[in-house]
1. Could you pull out the pairs from K5/K145; K55/K97; K67/K98; K5/K205; K38/K67 whose alpha carbons sit more than 26 Å apart here?
2. May I ask which residue of W119, V153, T172 lies farthest towards the positive end of the charge dipole of region 117-203, with charges of +1 (Lys, Arg) and -1 (Asp, Glu) on Cβ and the Cα centre as origin?
3. Using only alpha carbon pairs under 8 Å that are at least six residues apart, calculate the relative contact order of the chain and give it in whole percent.
4. State to the nearest 20 debye the size of the charge dipole of region 102-213 about its Cα centre, where the only charges are +1 on K and R beta carbons and -1 on D and E beta carbons.
5. Can you list the HN-Hα couplings for region 210-226, worked out from phi with the Karplus curve (6.51, -1.76, 1.60; θ = phi - 60°), rounded to whole Hz and with x for Gly and Pro?
6. Leaving out ligands, DNA and RNA, what percent of the accessible area of the chain is carbon and sulfur, probe 1.4 Å?
7. About the Cα centre of the chain, what is the dipole size in debye to 20, counting +1 per Lys and Arg Cβ and -1 per Asp and Glu Cβ, all else neutral?
8. For P(r) over Cα pairs in 10 Å bins from 0, in percent, several values are listed as (1) 7, 30, 36, 22, 5, 0; (2) 7, 29, 31, 21, 10, 2, 0; (3) 6, 23, 23, 21, 17, 8, 1, 0; flag the one computed from this structure.
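The values are calculated or read from the model by the stated rules, or taken from the named source; none is laboratory data. Remember, it's a predicted structure, so these values are computed and weren't measured experimentally. Reconstructed Cβ throughout: ideal geometry from the backbone, glycine too, with neighbour counts over all protein chains shown. Heads up: the accessible areas ignore ligands, DNA and RNA and are worked out on the full protein's heavy atoms, side chains in. Shrake-Rupley method; radii C 1.70, N 1.55, O 1.52, S 1.80 Å.
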Amino acid sequence: ATWPKLTDNIRCFLIQHGPEQERRQFFSYTLCDFDNRKRHFSTKWYEKIHPNGEKFVRHWLLYSNKKGSLFCFCCLLFSTAKTNNFSEISKGFCDWKKLNPRVPEHENSNEHQRCYSDWKTLGKNLEEGKTMDSHLQRVINGEMKKWRDILKVIVDVILFCARNNLALRGTTEVIGQQNSGIFLNLIELISNYYPLVAEHIGPVKAKKTTTSYFSPRIQNELIELLG
């Protein structure tokens, strides 16, 4: 429900990341207007059981915590018809009494099967580098890896300070200056042995970039997430 406006790049990113299914024991209850009863979603709907007893995971089925509704991953990405709530980002499906037959009906619809096929085809092409903008995709993947590696260093430094009960910050928030604190000093120390970090902090020191992930706000967000 909080996805940005879909572009080709966003669509490719979501397919490479893959759908995330919310799995927990209890989901929020919803009051149904027609019979005034409270019902909720169950993770059993993530699986489809065939007549022969075989179980298949419905990877396409997503539950949104923000909306309290179900969505179809592939139809959100590829559907042009938008004929049902599963493919409407502003709606979603939350009529829990009618999960049967609505989920199987959607699953067997021509539009869903077309979108499912488009999802798997593009996913395979991205994996094999066969898309028309495969060069651009390689550049994007390289950037993603770079930022993941930089964030890993930042997270490791924060964890080191936390485990040793060390204050992260000094009297200045500028890396390379005196009294900049243990966090920034450790980042600078690592840059002496890790070219990627050195390449990252160079423009930060020269004030040629505003994206550093060194700020106190980012530190606090990472501490909260790690906690």
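1. Too far apart for the 26 Å limit: K5/K205.
2. Selected residue: W119.
3. Computed value for the chain: 11 percent relative contact order.
4. With only Lys, Arg, Asp and Glu charged at Cβ, the dipole is about 300 debye.
5. 9, 9, 10, 6, 9, 5, x, 5, 5, 4, 5, 5, 5, 4, 5, 5, 5
6. The computed percentage sits at 52.
7. Here the size comes out at about 380 debye.
8. Label (3) holds the value from this structure.
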